[in-house]
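Working notes, beginning with the structure itself.
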Amino acid sequence: MQTETHTRTPVPWTPPRGADIEMVEVGPYWDAVRAPATVGERALELLGRRAGAVIADYSLMYWLVHPQDADYWPRLEGVQVLTPDSGETTYVGVPPVSHTSGPRLHWRLPVGPRHYFTNGELLYEALARAIMAEEEAVR
């Protein structure tokens, strides 16, 4: 199992530089993993410095992962892997680089030289552990 965050940045995509949110197609540059914010915050704690860029939007969080990095994950309750292989085009709203606080669409962890992709195996493990912790907290 790898223990580092992927930092290779696909060119030519970069987050929007203006003031507007950009709808970016999943697949050409990255895939995304969407999870509820409560699970996502726990996963971020578990990942620590190994987390890549994360977009937050009120009650949801989106991780950028290498294309196909999460294609064959076993199902996780409440988590959706967004890929171009779903049979239809999927878009993710991407905030401008300057949006770094919420609650509106913002970068929870902004894209940067040390934060781009999250390793798919590490993310899966962190999300699975976060979901188990959430379920135990409810009991």
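The values are calculated or read from the model by the stated rules, or taken from the named source; none is laboratory data. If you're wondering where the values come from, they're calculated on a predicted model, not measured in any experiment. Cβ sites come from the backbone with ideal geometry, for glycine too, and all protein chains shown count toward neighbours.
Remarks
- Members of segment 19-49 found to be modelled with pLDDT of 95 or more, charged (D, E, K, R) and either over 10 Å from the mean Cα position of the chain (by Cα) or not in a strand (DSSP E or B) (or both), listed by number: Glu41, Arg42, Glu45
- Among the conditions (1) over 16 Å from Tyr29 (Cα atoms); (2) β-branched (Val, Ile, Thr); (3) touching a residue at least 40 places away in the same chain (Cβ under 8 Å), Thr100 misses just one, which is (3).
- Positions within segment 99-130 being closer than 21 Å to Tyr58 by Cα and touching a Lys or Arg at 6+ places or on another chain (Cβ under 6 Å), in sequence order: Ala130
- Any pair with Cβ under 6 angstrom, 6 or more apart, that starts in segment 123-139 at a residue that is within 12 Å of Thr38 (Cα to Cα) and ends at one that is in a helix (DSSP H, G or I) and among the aliphatic types (A, V, I, L, M): Leu127/Ala43; Ala130/Val39; Ala130/Ala43; Ile131/Val39; Glu134/Val39
- Some residue of segment 114-137 being assigned to a loop (DSSP other than H, G, I, E, B), touching a strand residue (DSSP E or B) at 6+ places or on another chain (Cβ under 9 Å) and aliphatic (A, V, I, L, M): no
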